[in-house]
Amino acid sequence: MTQPTGAPLMLFDSLTRSTRTFAPIDPDMARVYSCGPTVYDFAHLGNLRAYVFTDTLRRVLNWKGWPVNHVINITDVGHLTSDADAGDDKMEAAAARQNRTIWDIAAFYTDAFKADLAALNIRTPTIWSVATDHIQDMIAFAREIEAHGASYELDSGLYFDTSKVPDYGRLAGARGDEVVGRIAEVEGKRNPADFALWRRSADGEQRQMEWLSPWGPGAPGWHLECSVMSMKYLGAQFDIHTGGIDHREIHHCNEIAQNQAFTGSEKSGANFWMHNNFLVDRGGKMSKSKGGFATLASVIAKGVHPLAYRLLCLSAHYRSELEFSPEALAAALTRLGRLVLAVEQVRAQVGDPDWLPLVAESEKSKGAAFAYQRSVIEAGLSAPAAKLIDQFDEALSADLMVPQALPLIEQAATAKAIPAEERLRLVATMDLALGLNLLATRRIDLRQRPDDATASEDEIEAAIAERQAARAAKDFAESDRIRDELAAKGVQVMDGAGDMRWDWMLSL
Ligand code: AMP
Ligand code: ZN
């Protein structure tokens, strides 16, 4: 597949600050690297927005016809509590706080992160690359930078000399010393923006995680791993590098500098640098370092189905801030419920189509089957249905304008002018790109039991049956009494809503 289907895909590149037509370097495979989590704590909802974004990007690339080789790293070493070279190592600090080994902490939070991604229907990357599996690669990479004369040694380790690369900080929109938030905390640094490639353990200090190196025992600087692992798995030049907007200022500037020093080329590594904006709450950034963040598990515990959070993310453009509030989350759940119900009703009319098993296929790995699935599912659609697909494709192609694509799938599910069988096909093909799992989710599946619920499902069903009997006997006082009793238990009764006769009330 060398030609994209539909409109040309336009993507915003943070480095050139321009929206450009995307085409992969290798026409048969797009290569994408996403900065992964530092596994010292649970991911918060803001972090997860970054991965809903990368998954959407990846699905859109697939939708356009390109399989995607996608790498996400797991940072289990090296990330300090500050992006500059100061503060404790986040992993060491978490291990000390919880009285566990770093390896334990890393394994536990890596599993939790993967579970969050699965709950959000985010597809597994083709490669998970773990920083501590690549220490020797990092040492070799740093040696090469040293051989190119772009580093210097201090007592505290090996530092990158940012004056040795052209245009340092271009990605951040600043040069060298101007880079935001930089102070020379480390004695002897030549330029404030210089950063550690290797942090030598202080005399007498024994870190839980340390390795021998030409610069003494210690641990790699955080920025090194992404240069090393992206190059190892995707090549010196690959298509897209993603991360949250905070990484644009320091982490990615440093990655680019390392790549330039290593290769001796001014190229940055990635052809497109793409950054998602932040999920924000009223109090400011939901930074997990500041505490007080919400996790996916905590909102699930309150009765919110995780796909409602995915939908909330999709309702804002990835380059806009997204205001997080309980109301917004509840509204996303309602919106998802309506869409799922509409799909369920279409399905009730047309039954299971022959192509249904194909949809599950799309969830597999690189997404090479997308083009085939689309061609089968979309074959012979009528003109009004095909027009909706074109509009949907145009929205996605305009730098992933997903907020404009969402109303189109809603329209597709309900458009009276389009036969039900075609509506189901529209939903299926569009959902390949949106990942809301609409063909495998029923309205009743969205009913998420809150952790503090007291009533059992059997008890509720029994009360509902009694209430129906009371209504049939026109005993409305009794029917109201039962409804109020259920409401006191956090259960909402819906009249005339088919199978879904009750739901949990949200207590966000
Ligand atoms: P970390 O585990 O801190 O390295 O963060 C993982 C990812 O989440 C990175 O790509 C960050 O840029 C991103 N990120 C952190 N906070 C937010 C936020 N509030 N909204 C969106 N993305 C975020
Ligand atoms: Zn990174």
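The values are calculated or read from the model by the stated rules, or taken from the named source; none is laboratory data. None of the values given here were measured: they were computed from a predicted structure. Please note: Cβ atoms are built from the backbone with ideal geometry, for glycine as well, and neighbour counts cover all protein chains shown. Surface areas here come from the heavy atoms of the whole protein model, side chains and all, with no ligands, DNA or RNA. Shrake-Rupley method; radii C 1.70, N 1.55, O 1.52, S 1.80 Å.
Residue check: is Ala43 assigned by TED's automatic domain parsing to the domain that holds Thr132 and either open to solvent by 10 Å² or more (accessible area, probe 1.4 Å) or in a loop (DSSP other than H, G, I, E, B) (or both)?
Numbers: assigned by TED's automatic domain parsing to the domain that holds Thr132: yes; either open to solvent by 10 Å² or more (accessible area, probe 1.4 Å) or in a loop (DSSP other than H, G, I, E, B) (or both): yes.
Yes, satisfied.
Looking at Val71, Val77, which one is within 14 Å of ligand 2 (Cβ to nearest atom), assigned to a strand (DSSP E or B) and open to solvent by less than 10 Å² (accessible area, probe 1.4 Å)?
On the way: Val77 fails: assigned to a strand (DSSP E or B).
Testing whether each residue is within 14 Å of ligand 2 (Cβ to nearest atom), assigned to a strand (DSSP E or B) and open to solvent by less than 10 Å² (accessible area, probe 1.4 Å) leaves just Val71.
Report whether or not Leu400 is outside any helix (DSSP H, G or I) and either farther than 23 Å from Glu344 by Cα or not basic (Lys, Arg) (or both). Show your work before the answer.
Numbers: outside any helix (DSSP H, G or I): yes; either farther than 23 Å from Glu344 by Cα or not basic (Lys, Arg) (or both): yes.
When the stated conditions are applied, Leu400 passes them.
Taking segment 14-28, which residues are surrounded by 18 or more Cβ atoms within 10 Å (Cβ to Cβ) and under 16 Å from Val60 (Cβ atoms)?
Phe22, Pro24
Quick check on this structure: which one of Lys64, Lys114, Lys90 is of a type in the set (Lys, Arg), touching a residue at least 40 places away in the same chain (Cβ under 8 Å) and open to solvent by 20 Å² or more (accessible area, probe 1.4 Å)? Talk me through it step by step, then tell me what you get.
Values: Lys64 fails: open to solvent by 20 Å² or more (accessible area, probe 1.4 Å); Lys114 fails: touching a residue at least 40 places away in the same chain (Cβ under 8 Å).
One residue alone meets the criteria, Lys90.
Here are Ala472, Ala413, Ala487, Ala455: which of them is out of contact with any Phe, Trp or Tyr (no Cβ under 7 Å at 6 or more places or on another chain) and open to solvent by 80 Å² or more (accessible area, probe 1.4 Å)? If you could, list the steps in order and put the result at the bottom.
Numbers: Ala413 fails: open to solvent by 80 Å² or more (accessible area, probe 1.4 Å); Ala487 fails: open to solvent by 80 Å² or more (accessible area, probe 1.4 Å); Ala455 fails: open to solvent by 80 Å² or more (accessible area, probe 1.4 Å).
Going through Ala472, Ala413, Ala487, Ala455 in turn, the sole match is Ala472.
Just need a number here: residues in segment 238-253 that are assigned to a loop (DSSP other than H, G, I, E, B) and within 11 Å of ligand 2 (Cβ to nearest atom). It would help to see each step written out before you state the result.
Step one: of segment 238-253, the residues assigned to a loop (DSSP other than H, G, I, E, B) are 249-250.
Those still in the list that are within 11 Å of ligand 2 (Cβ to nearest atom) too: 250.
Counting residues in segment 238-253 that are assigned to a loop (DSSP other than H, G, I, E, B) and within 11 Å of ligand 2 (Cβ to nearest atom) gives 1.
So, in segment 360-409, exactly how many residues are open to solvent by 30 Å² or more (accessible area, probe 1.4 Å) and at pLDDT below 90?
10
Considering segment 301-323 alone, what residues qualify as being part of a loop (DSSP other than H, G, I, E, B), on the phi < 0 side of the Ramachandran plot and surrounded by 21 or more Cβ atoms within 10 Å (Cβ to Cβ)? Give the derivation first.
First pass over segment 301-323, keeping only residues part of a loop (DSSP other than H, G, I, E, B): 301-305, 315-321.
Remaining after also requiring on the phi < 0 side of the Ramachandran plot: 301-302, 304-305, 315-321.
Val304, His305, Tyr318, listed by residue number.
Restricting the search to segment 324-339, which residues are open to solvent by 20 Å² or more (accessible area, probe 1.4 Å) and either touching a strand residue (DSSP E or B) at 6+ places or on another chain (Cβ under 6 Å) or not acidic (Asp, Glu) (or both)? Quick ask: steps written out before the conclusion?
Filtering segment 324-339 down to residues open to solvent by 20 Å² or more (accessible area, probe 1.4 Å) leaves 324, 326-328, 330-331, 333-335, 338.
Hits for segment 324-339 are Phe324, Pro326, Ala328, Ala330, Ala331, Leu333, Thr334, Arg335, Arg338.
Among the residues of segment 231-249, how many are open to solvent by less than 20 Å² (accessible area, probe 1.4 Å) and within 14 Å of ligand 1 (Cβ to nearest atom)?
5
For the structure I just gave you, tell me whether Asp55 is more than 16 Å from ligand 2 (Cβ to nearest atom) and within 26 Å of Thr132 (Cβ to Cβ).
Numbers: more than 16 Å from ligand 2 (Cβ to nearest atom): yes; within 26 Å of Thr132 (Cβ to Cβ): yes.
In short, yes.
Among the numbered conditions (1) of a type outside the set (D, E, K, R); (2) part of a helix (DSSP H, G or I); (3) over 30 Å from Leu508 (Cβ atoms), tell me where Val340 comes up short.
Of the numbered conditions (1) of a type outside the set (D, E, K, R); (2) part of a helix (DSSP H, G or I); (3) over 30 Å from Leu508 (Cβ atoms), the odd one out for Val340 is (3).
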